[in-house]
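S.K.: The structure under discussion is supplied below as structure tokens; questions concerning it will follow.
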Amino acid sequence: MAAPTSALMSSPQTTRPPEATAAPPRLLGVLFLGTLLAALDIAVVGPALPALREAFALSERSVAWTFTAFVLANLAGLPITSALADRVGRRRVYLACVAVFAAGTLLVALAPSFGVLLAGRVVQGLGASGIFPVATAVIGDAFPPERRGRAVGLLGSVFGVAFLIGPALAGIVLAFASWRWVFALSLPLAAVVYTLAARRLPESRAETARPFDAAGTIALVALLVSLVVGLSGLDASGLSASVARPAVWGPLGLAVVLVLALGVIERRAAAPLLRPGLVARRPVQIACVLAVGAGVVEATFVLLSAYSVVAFGVEKSAASYLLLPLVGGVALGAPLAGRTLDRVGVRPVVLTATALIVLGMAAIAAAPTLGLHIAATVVLGLGLSGVLGSSLSYIFLAEAGRDERAVAQGLSTIFLSVGQLTGAALLAALAASATDSEAGYRLGFGVVAVGAAALVVAALFLPRTSTGRVQR
């Protein structure tokens, strides 16, 4: 999964205590552990889905809400925690977010029903919405400019670490214990993070807080909920007929109306979530399309474990390990893509990466054996690594002015979330409604492969680049 951005935490000036300027390594260690807390929760959800589906007798369509509820709450919480941190202080909000996340985790682990579990996931998402953004804001407050990039890069690497150890950890737990322990094991880490943060995090707040775009946030969340609900009603056995049902076209039609309303709201907002002048630039528009596509592909990660159980007869406890080759592809490709960007520019890198995504998704949809499936996931990981992170940041930073860089990075989180939500809803709906679950999954992966081909076309319209800057 892509790391959430700290963009919405940006503010013109911050006040910080004198001792914060030293920025001891222990402070970065606390922030690292906090980010790991939130990232591990994302990493273990996919492996836990087959057990959740069995425990609560759920369909693929229903169990996907375990992921969807978290992402929606996380996205809704970002601007709220940003505004609060600017006004009442980073340390207080960080501690509150860790406590809220822990409360949500406990609720999930003890959930007697799926409805209670979803409520816990919402609470977790709201808590997690402030952990990474506040951490990066603390770095901006406490670290000197020449050390900030390295420190933020270290926090970003936590998500790679989480996805390397998370599936393996979930597999071990599921082999010997209930799915509840997959979530409960993060509670001791939450206690450690809270204790250390209470002792070591400096207090700081913005001298001039950014206005909170409440109307834009409400419209965006309502738009995403409508989109997810509409897509969740699709039926693989009769796509055209299902689109004609009010339960599908009604929410999707509302989503279209909300897109138009969001555009009007953002043009009038004092501090919009989506800055219209920035989004109007063609490279930024293409980057947003790429972010949505990458988010859709990321959503397949959540369902790959369940698919391997259905298609290849893999044990639920072992299915989580099958994500490791995919994450290995991401880990291998990410530094390679980063180095190549400065040499050849963004367009060749993104073109190659999107082509690999198409190849990987198509191979996953058609792979007849487990070995070929695993090889296809490695190709998919290599391709995704060339779009996420460095490439998107490269485009956004090159196109944004100095005062727009934080907002530009925020667009990446928003559009990635759009892709994750729509992808999870679409794939789950197709898998659940097909007469054969395996066929439904394969159809969903094939649809994603076809959609990924549009990313290749979009990449062709990226401007030519030189080392370090997009040429306009």
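S.K.: Could you derive backbone 3J(HN,Hα) for segment 164-175 from the dihedral phi with the Karplus parameters 6.51, -1.76 and 1.60 (θ = phi - 60°), listing whole Hz in sequence and x where the residue is Gly or Pro?
M.R.: Each residue's phi maps through the Karplus curve to give 7, 9, x, x, 5, 4, 4, x, 5, 5, 5, 6 Hz.
S.K.: Along the charge dipole of segment 274-472, pointing to its positive end and built from +1/-1 on Cβ of Lys, Arg, Asp and Glu, which listed residue (372, 437, 451) has its Cα farthest out?
M.R.: Farthest towards the positive pole: 451.
S.K.: Roughly how big is segment 222-329's charge dipole about its Cα centre, with Cβ charges of +1 (Lys, Arg) and -1 (Asp, Glu), in debye to the nearest 20?
M.R.: 500
FYI, it's all coordinate maths here, none of it is from the lab. Bear in mind that the values here come from a model prediction, so they are computed numbers and not experimental data. Cβ: placed from backbone, ideal geometry, glycine included. Neighbour counts: every protein chain shown.
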